[in-house]
Structures are given as C-alpha cells and as structure tokens.
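What follows draws every value from the coordinates through simple rules; no lab data is involved. If you're wondering where the values come from, they're calculated on a predicted model, not measured in any experiment. Using ideal geometry, Cβ is built from the backbone for each residue, glycine included, and neighbour counts are taken over all protein chains shown.
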Amino acid sequence: MNFEEAERFLYSLINYEYKPGYVSSLEPFKDFLKTIGNPQENIKNPILIVGTKGKGSTAALITAGLASKGYKVGLFTSPHLVDIRERIQINFNLIPEEKFAGYVEAIKPFIKGDGVRTYFEVLTAIAFKYFSDENVDFAVFEAGLGGRLDATNVLNQIATAITPIDLDHTRILGDTVDKIAREKAAVIKNRAPVVTLQFHDEAVEVIRERAEEMDAPLLVLTPPEVTRIGLEGTEIECNSRVISSPLKGKFQAVNMTIACNLLDLLGIHGFNFRSVKLRGRFDVIQKGSNTIIVDSAHNEISLKSFFESYFELFKDKPVVLFGVSKDKAIDGMLEILSKNSKTIYLTGASVPRIISPTMLKKIAESSGIHIPAIFERPCDGLQFLNENFINTKIVVIGSFYVAGDAYRCL
C-alpha cells in the first residue's frame, strides 16, 4: 500500500469532521486497541489538551518547549490544513509517507465489525503506534471534539491542559458552557495535574469539581501579563520571567501561559518556544502589495480574539474572505465580521461540511450585510481580491478547511 492508497482508504471511513454525528461510546475503540496490542499503554509521558479555543496552539507550544530541552516529542493534532500527516509529528517533523502507509496497511485488517469505526479513531491509533514504536520521551495530544468520548481519552496522561471553553459543537456537546465544560473535564483522571485559565466562572467550577473528584491537583491561572505583541511574535511574563514565541496575536498569550505553567508544573525548566511551528493562526503572508492573513478562527470567541489582535497590529479594517461550517453560529460570526471588516466576500471549500456560499449569502443579506461577490473556492476569491485591491489587508477566515484550501494556492 502506498501513501495515496492509504489516504484514500482513510477517507472511505466514517468521518465526523465532514458529516454530522459522533460516536456514542469509547468501548469499541478500546476493544480495537486491544487487538493491536494497546500501543497507547506504551507511550511515555502523554499530555492531553482539551478546550474550545487554542488547543492546537497550546499543544504546539508544549511540544516546542519540551523539544528545546532535547526531548523527543510526539505531537498529535487535528484537523490538518494541507497534508494529513500534519496531524502526526515528532519534533515538528511529519510522519514519513511510507511509515504512515505501513501503519494503515497493518491496521486495515482489524477495521471491521465492532472495532474501530471512524477516520479520527484510525488516525489516533496510528499516532499511538508511531509514538510507541519511536519511543518518544513525551507525547502531546490535542483532543478532537469534546473530551469524554474523544479517542484521545483512552490515554492515561501525566498532565492535562484545558484551554478556554465556550459554545461550540453545541448539537453534540450541549447548549450551555456548563454542559460543554462537563464533556471536556471528563478527561481528568489518575490524579494527573490540571492547568487551566480563569474564563467562564461556571466552566471553571465544573473543572474544579471534577479535579477534586479525581484527586487531581488543579492550577487555575489568571489572564497573562503581555509584555509585547508584534508581527515578529508574542512575549509574556510567566512565573517571574519573560518568554516569547513566534506565534502572533494577543490570544497566543493565553496559550503560552497555559503551556509555560504546565511545563513548570512538570519540572521542565529553562525551556523556550522558539521552534514552535503552526500554520493557520494569524499567519501573515505578503502577496504583491497586499498583506494576506490566514486564520482558522471558526467560532465567535475565536473571531473576537482574532480581531482584538488584528487591531493591535493594524489600523485599517481588512477585506474579509469568509467561509464556515454549517453547524456554527453563523449569524453571530457574521455580526462580528460586519463590525470589523471593510467588506465581506464569501467562499465555499472542498469539503461538504462547509455551507455553500449561496446559502451563506442569503443568511448575511437577511441581516442587512451587503455581499459584493461569492466564490466556490478560496483560491478563486484570493485571485479576485489580489487583482482588484492594492495595499490592502485581506483576511481569510472561518474554518480550518477554508484555510487549508487557501494555502494550496498561496
């Protein structure tokens, strides 16, 4: 089996990133893992990240911090932007194509009946196998959706980070912050320490209750002291020292604070975040006279955070190319965009989960938002905007899938 065949096979499985629904139990996945030798039990020092916003950034920062001390660090994140192998890395090096295909071929005969059933579960199992076989020193896992029923929750992690929680995936996780927090906090186990930030009082209280129930030490952080934000990155004060990262945006200060304190809690000192690699988060790209900013913000809280950072760095409102998944709070996102943008253009993407730009335009115009043009794909929109604007900030935003499509043509 070559890499292309492996990728095609994975896309033939149930994929809840592309279609509605979710698993109802972790037991079938646990049964499957037994058939392949329970590789998750052989991973040294797993760390689990859950939350609504900032999981991927926090996971990448923790990975960079550990790698800066010479450790071999596995990193599992989702979704990917361009290459499926972005999800499974060691020290920011993507799993080789031949190894990826080899794991799919080895696992494929066991994918049947009540065994593993979904695309995400298979990718999680491959990460378990790869990190176990490569004998990593630490492995950092970003939960996919929720926490309680997420495939990553079979891990016996040594520490848990919970990033800010807000309303997202409400059809699956619940329609209140309290309910969503319960789904996320369910990953706390084994007396493993937990690091979170003071955000919604009710969410933090749920986390506190679960931590007490599991006898897990809990560190609730106050909002960070930001010392510098610029196009070169972000700098914060953490535990009486200044630490920086190349990740841009005020929202990255929160992720840096969580990552820094978690590493301190584990006794990892003298680390830095300089090697962190992460696309789709306030990624600034110069295209002719225009400045293009690609960001994967895909809910209201992340859009608000994005624009807070944007106006720290730029004075003029941007032109926006927006595409979004069907299950998001579209009206609220459009309201935020209309307040902070010069003009909004709409786009689709290459996955069925994204709402069609025609339907999105109807929703926008029903709220009185003028949409001058729509595009089937981000590449079409970017070409149009680059040809029709000069010296302009162009923001591509609304979805990981939109960001991924944009990268393919940038």
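The long axis of helix 357-366 is offset from the longest Cα principal axis of the chain by roughly 60 degrees. Label separation (Leu26 vs Ser338): 4.2 nm, computed from points 7 Å beyond Cα along the C-beta direction. Taking label points 7 Å from Cα along the Cα-to-Cβ direction, Asp201 and Glu4 give a separation of 5.9 nm.
Beta bridges from DSSP with both residues in the chain: antiparallel share about 40 percent, rounded to the nearest 5.
Across segment 154-159, coupling constants 3J(HN,Hα) worked out from phi with the 6.51/-1.76/1.60 Karplus curve, θ = phi - 60°, read 7, 6, 9, 6, 8, 7 Hz, and Gly and Pro carry x.
For segment 302-410, which GluC sites (Glu not before Pro) pass both filters: DSSP loop (anything but H, G, I, E, B) and at most 11 other C-beta atoms within 10 Å? List each step's numbers first, then the result.
Details: sites: Glu308, Glu312, Glu335, Glu365, Glu376, Glu387; in loops: Glu376.
Answer by residue number: there is no such site.
Between the helical axis of 300-313 and the longest alpha-carbon principal axis of the chain there is an angle of about 60 degrees. Averaging Cα coordinates gives a centre for segment 183-208 and one for segment 343-407; these two points are 36 Å apart. Under the combined filter of DSSP loop state and at most 14 neighbouring Cβ atoms within 10 Å, segment 170-235 retains these trypsin sites (Lys or Arg not before Pro): Arg191. Taking R0 as 25 Å, what's the FRET efficiency between Asn91 and Glu41 from their Cβ-Cβ distance, rounded to 0.05? According to the calculation, E is roughly 0.65.
Which value does Rg/Rh take for segment 278-405 over its C-alpha atoms, Rh per Kirkwood? Please report the intermediate quantities before stating the final value.
Details: Rg = 13.0 Å, Rh = 14.2 Å.
Reported Rg/Rh, Kirkwood definition of Rh: 0.92.
An ellipsoid equivalent to the chain, defined through the eigenvalues of its Cα gyration tensor, has semi-axes of 32, 26, 21 Å when rounded to whole angstrom and sorted largest first. Here the label points at Leu13 and Asp215, each 7 Å from Cα along the C-beta direction, are separated by 3.6 nm in the simple model.
The C-alpha atoms of the chain define a longest principal axis, and helix 400-409 lies at about 70 degrees to it. Work through the residues other than Phe271 whose Cβ is under 12 Å from its Cβ and net out their charges, Lys, Arg +1 and Asp, Glu -1. Residues near Phe271 contribute +2 overall.
Which lysines, if any, have their Cα less than 21 Å from the Cα of Lys315, not counting same-chain residues under 8 positions apart? Within reach: Lys248, Lys250, Lys287, Lys304, Lys339, Lys342, Lys393.
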